[in-house]
Amino acid sequence: MTSGALPECWSDFVDALDAGIDRVVLYGPSGTGKTYAALRVGVGPAGAHRLVCTEDMTAADVTGCWMPTASGQFEWLDGAAVRAWRGDGTSGARLVVDEADRAAGDVLALLLAVCDTDGSARFDHPATGEVITPMPGFSVVLTTNLEHPEELPAALRDRFPVAIEIDAPHPEAVALLPEDLRDAAVAIAAAPLPRRASLRAFFAYARLRESVEPDRAARLAFGTARGREIADALAIDAAEAAR
């Protein structure tokens, strides 16, 4: 898909990647396809690795850890960041850091090192002793549901020269929905609170309505009050489409 066929925010993302920007923040409402796009758009042959930040994550998630094997020995398993640095051995992969605002302490310090410029980033591998640096082509896309990127830790925000507000769902993610839900999903996924409902809720609704009546499916997917409004709107859309 070309950038010209995309909403402006997604066109900005494509253009930033095409310009060689390899550190990008995508911020904005949950459920607009930020992670979906980060794992797919502009990803090279080495693929992408996802790192989901939580309050209780450890360095093992980022760089790796020793793990016991069936034989009782221990072997080192690389974390997501090191796997992305290594890529396919020829080029680096994409590292997608989700919910980065939740990282703290030692994990945040590791993320600062991982997301640093390629000339400064390095990892001394505890198993082999080798010094690992990002392969050419390595990139990082950080996603967050924060409304303002300045709310990220200042040192982490400084690693990313471009931050893009995602205020429209990604068309490729929307296209995975049944056709009759797509227009509503586009309108509602980036609507102001409290009218907003994520693409995830629409996917849940699409699945639920296969086995229960639409009104009940809407209540389960969107909540009681919001579900009634969305079910009514979908019914009106369906009636107009049938004319």
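Throughout, read-outs are computed from the coordinates displayed, never taken from laboratory work. All figures in this text were calculated on a predicted structure; none of them were measured in a lab. Because the Cβ atoms are built from the backbone with ideal geometry, glycine has one as well, and the counts that use them run over all protein chains shown.
The set of residues in the stretch 134-164 being surrounded by fewer than 15 Cβ atoms within 10 Å (Cβ to Cβ) and either in a strand (DSSP E or B) or of a type in the set (Gly, Ala, Ser) (or both) consists of 154, 155. Scan the stretch 126-137 and tell me whether some residue there is small (Gly, Ala, Ser) and touching a Phe, Trp or Tyr at 6+ places or on another chain (Cβ under 8 Å). Yes - at least one qualifying residue is present in the stretch 126-137. Listed conditions (1) free of Cβ contacts under 8 Å to residues at least 40 places away in the same chain; (2) assigned to a loop (DSSP other than H, G, I, E, B); (3) surrounded by 14 or more Cβ atoms within 10 Å (Cβ to Cβ); (4) not basic (Lys, Arg) are all met by residue 211, apart from (3).
Here 239, 191 are screened, and the one residue that is of a type in the set (Gly, Ala, Ser), surrounded by fewer than 16 Cβ atoms within 10 Å (Cβ to Cβ), free of Cβ contacts under 8 Å to residues at least 12 places away in the same chain and part of a helix (DSSP H, G or I) is 239.
Condition test on residue 50, is it surrounded by fewer than 19 Cβ atoms within 10 Å (Cβ to Cβ), assigned to a strand (DSSP E or B), of a type in the set (D, E, K, R) and in contact with a helix residue (DSSP H, G or I) (Cβ under 9 Å, 6 or more places away or on another chain)? Here the answer is yes, as residue 50 does meet what is asked.
Scanning the stretch 61-95 for residues that are assigned to a loop (DSSP other than H, G, I, E, B), touching a residue at least 12 places away in the same chain (Cβ under 8 Å) and farther than 22 Å from residue 105 by Cβ yields a count of 7.
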